[in-house]
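One structure is given below, encoded as structure tokens.
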Amino acid sequence: MGRSIRAATVHVLTALLVVACAAAPQAPRHGTAERPPPTAAPRETPSAEASAGPPVLPPLAIVADAEADVDDAPAPPRPRGFVPGAPGELVRWETNGDGRRYTNIPARFDAAAPAETIVYATPNGNTIEQTLGRQRGADESFRYDIQHVLAQVRLYRNEVPERTVALVVVEAPELSWPTWRQAHPDAPARAAAMMKTLGEVVPGAKLSLVSHSGGGALTFALLAHARALPDAVERIAFLDSHYAFEAGEEHGKKLAAWIRASRTHQLVALAYDDRKIRLHGKRVVKPGGGSFNATFRMIQALEAERMPVRESREGAFRRFVGEDGRVELRVHPNPKNVILHSALVSDDNGLLFALARGKGERLEARFRLGPPRLFTARVDAAPPAGGPSTSAASAP
């Protein structure tokens, strides 16, 4: 009976309290005034200048992604100036007085993992877009199908998941690195400054300097800058691009000192017998010129530095090896006397071969020099995502 009375009393008091609150004005409690929900940061709109071509961008820095959803797993930080490219890739385009630059990095990577930045100097006459490569349309330049640097780097990344691999393709102002070097008396200092900047793309990364054709002029400019190459340079690969090698310029002395400076340093050079090739009926290479002759000048210069080189045969190539395999020079005898200048890079998987040297038997066996193309499945069917414009990507 007592419990029933107490329960009834509680219900009556509760009802009276509800009625009183409904009749009273609803003033906010002190310090808890209702605020409007925060608005999301506006999405950046490209400026007219940015949409007109590749912008000049500030140095790489890590910033938080403003569009990350707090309810999802936190998105990885996006490096400044990068935009999404193909799935799993971020890209950045830049331009300055030393030409254009394209950078491609994985969208997600472990900052503590070993890192490698591949710097690829474009060949004479090639744009960045053509050097990256893609499927070639019926009326498009053959140049889209002679390098396929991006597809080869994608395949290489897939085979070295323990590494963070960045790709930087650098294009000379007039599509010629030899012309750039002749136009700038301070080209060696410019090359050194460029390499310092590229070394900061992924902090702590080792640099692989790769060139094809006239792109070798950029590497030789760097060699001319100082008595010793930067410590960050771990690999130099001349893909039929070393015809400017001269012992009188101390190229052999500097390369030998660099090779001996670390057990991880690798020198790779690919060439073919180009002494008698013809284009439109005319001899292409002057007497003493070409990469065939340059290869043997390189061998003589290294041996003069007490770095003996042994010759053998592997597949279609003559093979010259020194310093426990850290010097790897290949020459195709070219018995049919055809132009193999670009085929060494694409048809023979030259970039993959160069990147694999010194990284273990499994990878070296995976990326042997020679056909067929291993990277075909990773070639873009359209201009690379994130490019400055479709029209620029389709220039002949």
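The values are calculated or read from the model by the stated rules, or taken from the named source; none is laboratory data. Bear in mind the structure is a predicted one, so any value in this text is a computation, not a measurement. Cβ atoms come from the backbone with ideal geometry, glycine included; neighbour counts cover every protein chain shown. Side chains are part of the model used for accessible areas, which takes the heavy atoms of the whole protein and leaves out ligands, DNA and RNA. Shrake-Rupley method; radii C 1.70, N 1.55, O 1.52, S 1.80 Å.
Where the second residue is open to solvent by 20 Å² or more (accessible area, probe 1.4 Å) and basic (Lys, Arg) and the first is closer than 11 Å to LEU222 by Cα and free of Cβ contacts under 8 Å to residues at least 40 places away in the same chain and lies in segment 175-194, which pairs have Cβ atoms under 9 Å and are six or more apart or on separate chains?
Close Cβ pairs (under 9 Å, with a partner that is open to solvent by 20 Å² or more (accessible area, probe 1.4 Å) and basic (Lys, Arg)) amount to ALA187/ARG181; PRO188/ARG181; ALA191/ARG181.
Suppose we keep only residues that are farther than 19 Å from LEU255 by Cβ and β-branched (Val, Ile, Thr) within segment 278-297. Which one would you say is most open to solvent (accessible area, probe 1.4 Å)?
VAL284
Yes or no: segment 217-240 includes at least one residue that is open to solvent by less than 80 Å² (accessible area, probe 1.4 Å), aromatic (Phe, Trp, Tyr) and in a helix (DSSP H, G or I).
So far as segment 217-240 goes, yes, one or more of its residues are open to solvent by less than 80 Å² (accessible area, probe 1.4 Å), aromatic (Phe, Trp, Tyr) and in a helix (DSSP H, G or I).
Only one of LEU270, LEU175 is of a type outside the set (Asp, Glu), closer than 30 Å to ASN337 by Cα and outside any loop (DSSP other than H, G, I, E, B). Can you tell me which?
Going through LEU270, LEU175 in turn, just one is of a type outside the set (Asp, Glu), closer than 30 Å to ASN337 by Cα and outside any loop (DSSP other than H, G, I, E, B): LEU270.
Residues in segment 143-201 that are of a type in the set (Ser, Thr, Tyr) and open to solvent by 30 Å² or more (accessible area, probe 1.4 Å): how many?
Residues meeting the conditions: 2.
Quickly run through segment 108-118 and pick out the residues that are assigned to a loop (DSSP other than H, G, I, E, B) and under 23 Å from VAL268 (Cβ atoms).
If the condition is that a residue be assigned to a loop (DSSP other than H, G, I, E, B) and under 23 Å from VAL268 (Cβ atoms), then PRO114 is the only one that fits.
How about segment 130-163: which of its residues are acidic (Asp, Glu), more than 26 Å from GLU200 (Cβ to Cβ), in contact (Cβ under 8 Å) with a residue 24 or more places away in the chain and assigned to a loop (DSSP other than H, G, I, E, B)?
If the condition is that a residue be acidic (Asp, Glu), more than 26 Å from GLU200 (Cβ to Cβ), in contact (Cβ under 8 Å) with a residue 24 or more places away in the chain and assigned to a loop (DSSP other than H, G, I, E, B), then GLU140 is the only one that fits.
Could you count how many residues in segment 202-216 are surrounded by 23 or more Cβ atoms within 10 Å (Cβ to Cβ) and out of contact with any strand residue (DSSP E or B) (no Cβ under 7 Å at 6 or more places or on another chain)?
2
Got a number for residues in segment 119-129 being open to solvent by less than 10 Å² (accessible area, probe 1.4 Å) and either over 15 Å from LEU167 (Cα atoms) or assigned to a loop (DSSP other than H, G, I, E, B) (or both)?
Total satisfying the criteria: 3.
If you check ARG330, ARG263, ARG275, which single one turns out to be surrounded by 12 or more Cβ atoms within 10 Å (Cβ to Cβ) and touching a residue at least 60 places away in the same chain (Cβ under 8 Å)?
None of the others qualify; the one that does is ARG330.
Residues in segment 287-304: is at least one closer than 22 Å to ARG235 by Cβ, of a type in the set (S, T, N, Q) and either assigned to a loop (DSSP other than H, G, I, E, B) or touching an Asp or Glu at 6+ places or on another chain (Cβ under 6 Å) (or both)?
yes
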